[in-house]
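Below: the structure, in structure tokens.
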Amino acid sequence: MADLFDRYELEILPTKAPKTRKDQTHQLKRLRLAFADFATPDAIEPRDIAAYLDASPKAVMANREIALLSHVFKKAIRWGLASVNPCTGVERNKEQVRRYYVEDWDFWLAWVYAPAHLRALMELAYLTGQRQEDVMSIRLADLRQDGIYVKQRKTGNEIIVGWTPRLTALVAALRERPVASVWLVADGRGQRYTLAAVRTAWTRLMERCPCKRFQFRDIRKKSANDHETGRHLGHREKGTLAQVYRIKPAVVPGIG
């Protein structure tokens, strides 16, 4: 198994998005420890996968690790190193989907307390429905006649979010900054904000703002629910949009 993990880490991990690569590097380390005693990939059976899922104290993390292991086995089959994928058909641990909807007053109260660059990122995330790292990565070259082009880092999906009056006004304001930059949202030197810097700023914002605390990623769910269809999120699977993002309770007429 060590040789298989080595090959996957050498050939496949480098092709993935930076955050995914970082997360899966740590996941591979844990998988190596758990399955190091198996001489060959075909020695691992579905019951071994089930035992791993049951033994882990972190159910969601174990699901992610087995999902990665499943992909490792798919590559192993392709490379002729395994004949079956033991992860197939093994029920994963039950996960609780985060179903928190950010109310307008909490969003705008946080916006008032936020520094300028966080305000811009919050509005971009809300108006486009894109993930934090994707809105941070928007370049001026991505601004097109019909909208903002986004190639999502997590999925590789390519979409164009069409212009609306609010989005047009926001982008126009951001382009009026005195410092030249290739990035739509940039610091005082024209550089792209790092993910670590934005996370630190967000933590500080939530500590001092009197709003109900929420995560930056919750803005994407708010956008999905406030939009007529939620298609601007770029999900090709309707099930994902319905089960994970469209969480706001439906308003139904009462009697009388």
Residues in the range 18-48 near a label at residue 6, defined as backbone nitrogen under 16 Å from the 7 Å Cα→Cβ point? 29, 32-33, 36-41
Taking only the alpha carbons of the range 150-223, the radius of gyration and the largest Cα-Cα distance, Dmax, both in angstrom, are 14.8, 37
List the equivalent ellipsoid semi-axes of the chain in whole Å, largest first, each obtained as the square root of 5λ for an eigenvalue λ of the Cα gyration tensor. 39, 23, 18
Against the longest principal axis of the chain, how steep is helix 104-113, in degrees 0 to 90 to the nearest 10, with axes from Cα atoms? 80
Projected label distance in nm at residue 32 and residue 180, using a 7 Å step from Cα toward the beta-carbon: 4.6
Helix 116-128 versus the longest principal axis of the chain: what angle, 0 to 90°, nearest 10, using Cα atoms? 70
Which distance in nm do the two modelled labels at residue 94 and residue 43 give, with both placed 7 Å along the Cα-to-Cβ direction? 3.5
Averaging sequence separations of C-alpha pairs under 8 Å and six or more residues apart, then dividing by the length of the chain, give the relative contact order as a whole percent. 18
The range 169-190 and the range 99-157: distance between their alpha carbon centers, rounded to Å: 14
When the helix-only estimate is applied to the chain (DSSP H runs of n ≥ 4, each -39,500 (n - 2.57), divided by the residue count), what is the mean residue ellipticity at 222 nm, nearest 500 deg cm²/dmol? -14500 deg cm²/dmol
With a ≥ b ≥ c taken as the square roots of the eigenvalues of the C-alpha gyration tensor of the range 1-97, please select rounded if a/c is under 1.5 and otherwise prolate if a/b is larger than b/c or oblate if it is not? oblate
Compute the long axis of helix 195-208 from its Cα atoms, compare it with the longest principal axis of the Cα atoms of the chain, and write down the angle in degrees, 0 to 90, nearest 10. 60
Cα-based shape type of the range 104-245, given that a ≥ b ≥ c are square roots of the gyration tensor eigenvalues and the cut on a/c is 1.5: oblate
Here the FRET efficiency for residue 196 versus residue 74, based on Cβ atoms and R0 = 35 Å and rounded to 0.05, is 0.60
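Each value in this text was obtained by applying a stated rule to the coordinates, not by laboratory testing. If you're wondering where the values come from, they're calculated on a predicted model, not measured in any experiment. Cβ atoms come from the backbone with ideal geometry, glycine included; neighbour counts cover every protein chain shown.
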